[in-house]
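Each remark here refers to the structure printed beneath this line.
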Amino acid sequence: MELQTYLMGESVDAAERVMDRLQQAFVDLAANPGIGHRRDDLTHRDVRFLAVSSYLIIYRHDTQPVEVLRVVHGARDVSSALDA
């Protein structure tokens, strides 16, 4: 995972914490796909957002299983990340 590799270059402890939180969020999303929220200010696509630490998980809640589209840092231009 690119994010993990990047974070490990910064701090192994921080990388492990973020990856653990993301992993738990993925488990939570699988069990409760509706926990995220829409962000019409960012996109009109039928996707949901879930904040985890400084990151946003962008996903489709209406698929089985839940489809994670992107995990992006909250400071990034999220609209552009959706178009990539």
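No value in this document is a laboratory result; all are computed from the given coordinates. What you are looking at is a predicted structure, and each value in this text was computed from that prediction instead of being measured. We place every Cβ from the backbone using ideal geometry, glycine too, and count neighbours over all the protein chains shown.
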Item to complete: Give the long-range amide H neighbours of residue 67: residues separated by 5 or more places, or on another chain, with amide H under 5 Å away, using H modelled in the peptide plane at 1.01 Å from N.
Response: 60
Discussion item. Given an 8 Å cut-off on Cα distances and at least 6 residues of separation, report the relative contact order of the chain as a percent.
Written reply: 18
Worksheet item: Taking only Cα atoms, what is the 0 to 90° angle, nearest 10, from helix 12-31's long axis to the longest principal axis of the chain?
Response: 30
Response to the item:
Ranking 71, 44, 11 by how far each Cα lies towards the positive end of the charge dipole of the chain (+1 on Lys and Arg Cβ, -1 on Asp and Glu Cβ), the top one is 44
Worksheet item: Does the chain classify as rounded, prolate or oblate by the C-alpha gyration tensor (a ≥ b ≥ c root eigenvalues; a/c under 1.5 gives rounded; else a/b over b/c gives prolate, otherwise oblate)?
Response: oblate
Practice prompt. Would you kindly state how much longer the chain becomes between residue 14 and residue 62 on full extension, computed as 0.36 nm times their sequence separation minus their alpha carbon distance, in nm to one decimal?
Written response: 14.1 nm
Worksheet item: Roughly how many debye, to the nearest 20, is the charge dipole of region 2-77 about its Cα centre, given +1 on each Lys and Arg Cβ, -1 on each Asp and Glu Cβ, and no other charges?
Response: 200
